[in-house]
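Everything on this sheet refers to the single structure shown next.
The values are calculated or read from the model by the stated rules, or taken from the named source; none is laboratory data. All of these numbers come straight from a predicted model, not from anything done at the bench. Heads up, the Cβs are rebuilt from the backbone with ideal geometry, glycines too, and the neighbour counts pull from every protein chain shown.
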């Protein structure tokens, strides 16, 4: 008996334009934790005239790249990687509305029937078995591209629905998700899509109804709990939101995205102690990624626990020593711990790396003001204002210090 969804021409139904051939001028992303192998794959793709080959060492890095390059035309990704593996990356691409889901070719070793079935069940377009030769790469990428761009592939409809959500075309998005829900009667995924539509329309109660229906269809669909958390945050029901985020994490305890997505919302809503409690669970689970430690540093800083904030931002910097954001956070922590000489060294490092960094210029100026070095503080503030004339706080401090410098007491 045929599957109803296989009989639907989504391209024709929703006027989806299907490209005739892969465009080598568009970005291709290689995700592989083994650097040598990653470079070999990238080099082979470049030899095949792909002019924009991006590289990532894990799925979390890949998500950042995909946010910056929405026109990525294909992905070659390893199945097992630290931080975020291939299947989890594909799951995020399929269900996050802010990221496109390109054709996906997964490489794997230790091939078994179970592993192959797992890949297929999770929506992998094509599989590249290790060890492979250079000649194997392009045919597999091309096959993944062709399978993905099949007009009968429901992924095309899901991607169109995501575009409509981003465009706030709620009516069209609802139409697509309803059809997908009818064509896959046991899938929770389109029902979660409908919940997102109603949250966008400002009807969180209807969104929750759809999420309850999604849970009836599939209690193991992690994104329904993440979406439920977002709905409860919208309703300012933070305790319920935390419970929903905890459910998502319990289903995927080693997926850093689950922690990051929840903490992003909690930080925006200034629920710093809740963010700390959530992120400390990630630390106890053995997760290590720079955004985790930076978020913990920020949360502890807002709670005025500067010692813990300092410890965690140093850990983040150990993973990314020249990250300007992390260095600024380090400088602020040191300043609040009255370690002014160390803070000055950090701001000097930032300014050396990025001479026009207005945050570092401003913060170093504040240290100079505290030491009574008004001329140097004014020079730094003047540099910051030349870079950003609308920096109101710097403008105000410039005038205040200028008055101090010209007063008889000075």
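Tell me whether the range 228-243 contains one or more residues that are modelled with pLDDT under 95, surrounded by fewer than 16 Cβ atoms within 10 Å (Cβ to Cβ) and on the phi > 0 side of the Ramachandran plot. Yes; the residues of the range 228-243 include at least one that is modelled with pLDDT under 95, surrounded by fewer than 16 Cβ atoms within 10 Å (Cβ to Cβ) and on the phi > 0 side of the Ramachandran plot. Report yes if residue 111 is part of a helix (DSSP H, G or I), out of contact with any helix residue (DSSP H, G or I) (no Cβ under 7 Å at 6 or more places or on another chain), at pLDDT below 95 and surrounded by fewer than 20 Cβ atoms within 10 Å (Cβ to Cβ), otherwise no. It is false that residue 111 is part of a helix (DSSP H, G or I), out of contact with any helix residue (DSSP H, G or I) (no Cβ under 7 Å at 6 or more places or on another chain), at pLDDT below 95 and surrounded by fewer than 20 Cβ atoms within 10 Å (Cβ to Cβ).
Does residue 360 meet the test of being under 17 Å from residue 399 (Cα atoms) and not assigned by TED's automatic domain parsing to the domain that holds residue 303?
Working: under 17 Å from residue 399 (Cα atoms): no; not assigned by TED's automatic domain parsing to the domain that holds residue 303: yes.
Criteria not met by residue 360.
Among the residues of the range 186-207, those identified as outside any helix (DSSP H, G or I) and farther than 14 Å from residue 176 by Cβ are 186, 188, 201, 202, 203. Put simply, of 200, 229 the only residue that is under 24 Å from the mean Cα position of the chain (by Cα) and closer than 17 Å to residue 92 by Cα is 229. Scanning the range 312-362 for residues that are assigned to a helix (DSSP H, G or I), out of contact with any helix residue (DSSP H, G or I) (no Cβ under 8 Å at 6 or more places or on another chain) and closer than 27 Å to residue 284 by Cβ yields a single hit, 318. Taking the criterion of being more than 16 Å from the chain's Cα centre (by Cα) and surrounded by fewer than 14 Cβ atoms within 10 Å (Cβ to Cβ), the residues of the range 252-276 that qualify are 270, 273. The combined condition, being more than 25 Å from the chain's Cα centre (by Cα), outside any strand (DSSP E or B), in contact (Cβ under 8 Å) with a residue 24 or more places away in the chain and within 30 Å of residue 111 (Cβ to Cβ), is not fulfilled by residue 26. Would the range 341-351 turn up any residue that is surrounded by 19 or more Cβ atoms within 10 Å (Cβ to Cβ) and within 28 Å of residue 83 (Cα to Cα)? Yes, the range 341-351 contains a residue that is surrounded by 19 or more Cβ atoms within 10 Å (Cβ to Cβ) and within 28 Å of residue 83 (Cα to Cα).
Matching residues to (1) closer than 29 Å to residue 181 by Cβ; (2) in the same structural domain as residue 40 (by TED's automatic domain parsing); (3) not in a loop (DSSP other than H, G, I, E, B):
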{"position": "60", "(1), (2), (3)": "no, yes, yes"}
{"position": "64", "(1), (2), (3)": "no, yes, yes"}
{"position": "75", "(1), (2), (3)": "yes, yes, yes"}
{"position": "80", "(1), (2), (3)": "no, yes, no"}
{"position": "87", "(1), (2), (3)": "yes, yes, yes"}
{"position": "91", "(1), (2), (3)": "yes, yes, yes"}
{"position": "132", "(1), (2), (3)": "no, yes, no"}
{"position": "141", "(1), (2), (3)": "no, yes, yes"}
{"position": "144", "(1), (2), (3)": "yes, yes, yes"}
